[in-house]
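Let me begin by presenting the structure, written as structure tokens, before commenting on it.
The values are calculated or read from the model by the stated rules, or taken from the named source; none is laboratory data. Being a predicted model, the structure only gives us computed values, none of them experimental. Virtual Cβ from ideal backbone geometry, glycine too; neighbours counted across all protein chains shown.
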Amino acid sequence: MSKKNKYYVVWEGRQKGIFDTWSAAEAQVKGYAGAKYMAFESLEAARAAFAGNPHEHIGRKPKADSRPGAADAATPKADSRLGAAGAATPRADSPRRILSNSPIWDSYSVDAACSGNPGVLEYRCVHTRSREIVFARGPYDAGTNNVGEFLALVEILALCVKKHDPRPIYTDSKIALAWLRDKKANPKNPERLNPLLLERLARAEAWLASHSYPNQVLKWDTEAWGENPADYGRK
RNA sequence: ACAU
DNA sequence: GGATGT
Ligand SMILES: [Mg+2]
Ligand SMILES: [Mg+2]
């Protein structure tokens with residue numbers, strides 16, 4: 001009997017994704033409190049599940065296959081603390097993660113670094129895949145991390161508009177994303193900021209108020225992907 | 001809590 | 001350990 005290969009969705013674990021062997025999946029969830037994972041009979045089902053909410057699958061009855069005589073149950077599993085009892089499905093090929101969320105490599109990434117916060121600020125933009133530096137600013141006295149993250153974001157947006165470059169832009173800063181959404185920076189102590197930076201914030205806000213842009217601005221998933229390519233590597 |  | 005922010 002050819003044991004059908006299963007597909008293991010890991011929503012919550014060391015590495016998230018879809019794995020095609022239990023051993024690969026187990027490595028992500030064994031001893032990992034709060035792990036959420038489940039086996040599926042088809043890659044299609046696994047893809048759909050991974051894209052969705054674990055709660056809609058874990059502990060629910062497996063979806064019946066429409067075709068008669070097709071494979072039946074998926075095996076629901078939840079919570080590694082109960083002790084994973086997954087039976088192995090050995091394969092000839094090597095265990096691998098066959099699907100995971102991954103960055104759009106043809107994109108830009110921005111980051112800021114502050115020596116002290118507030119402190120001496122630098123920020124820059126690179127191409128995500130090549131790490132080629134698009135621009136680098138600073139050092140500036142009396143800056144903050146968030147000011148740098150935001151200025152970098154708006155500068156690459158303006159450059160993209162000028163160049164008609166619609167590629168996505170990554171930032172790891174929730175704050176910069178919020179300020180961008182609001183088209184408004186919100187430094188808590190503007191009076192302590194370098195006046196040059198204050199002026200740049202004003203210009204950035206003015207630019208946002210008067211322009212639109214085609215680029216998606218996306219959150220860099222540092223936990224999954226490691227440090228953003230624009231990172232300064234000083235932490 | 002989350003992200004820097 | 002400290003700070004910037006939602
Ligand atoms: Mg950053
Ligand atoms: Mg960084």
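I need the full set of residues from the stretch A:138-152 which are among the aromatic types (Phe, Trp, Tyr) and more than 9 Å from DNA strand C (Cβ to nearest atom), in order please. Answer for the stretch A:138-152, where residues must be among the aromatic types (Phe, Trp, Tyr) and more than 9 Å from DNA strand C (Cβ to nearest atom): just A:Tyr140. Determine, yes or no, whether A:Arg129 is at pLDDT 95 or above, under 30 Å from A:Tyr8 (Cα atoms) and either surrounded by 13 or more Cβ atoms within 10 Å (Cβ to Cβ) or within 16 Å of RNA strand B (Cβ to nearest atom) (or both). It is true that A:Arg129 is at pLDDT 95 or above, under 30 Å from A:Tyr8 (Cα atoms) and either surrounded by 13 or more Cβ atoms within 10 Å (Cβ to Cβ) or within 16 Å of RNA strand B (Cβ to nearest atom) (or both). The number of residues in the stretch A:23-40 being surrounded by 20 or more Cβ atoms within 10 Å (Cβ to Cβ) and touching a residue at least 40 places away in the same chain (Cβ under 8 Å) comes to 9. Pairs linking a residue in the stretch A:152-171 that is modelled with pLDDT of 95 or more to a residue that is part of a loop (DSSP other than H, G, I, E, B) and among the aromatic types (Phe, Trp, Tyr), with Cβ atoms under 7 Å and 6 or more positions apart or on different chains, are A:Leu157/A:Tyr213; A:Cys160/A:Tyr213; A:Val161/A:Tyr213; A:Tyr170/A:Trp220; A:Thr171/A:Trp220. The helices (runs of 4 or more DSSP H) located wholly in the stretch A:147-235 that include 1 or more residues which are more than 30 Å from A:Gly17 (Cβ to Cβ) and more than 12 Å from RNA strand B (Cβ to nearest atom) occupy A:174-182, A:195-210.
Here's the yes/no breakdown for (1) in the same structural domain as A:Ser23 (by the TED database); (2) over 19 Å from the mean Cα position of the chain (by Cα); (3) within 16 Å of ligand 1 (Cβ to nearest atom):
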residue: A:Gly116; (1), (2), (3): no, yes, yes
residue: A:Arg131; (1), (2), (3): no, no, yes
residue: A:Ala158; (1), (2), (3): no, yes, no
residue: A:Ile169; (1), (2), (3): no, no, yes
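The number of residues in the stretch A:28-46 that are among the hydrophobic types (A, V, I, L, M, F, W, C), within 21 Å of the chain's Cα centre (by Cα) and assigned to a helix (DSSP H, G or I) comes to 2.
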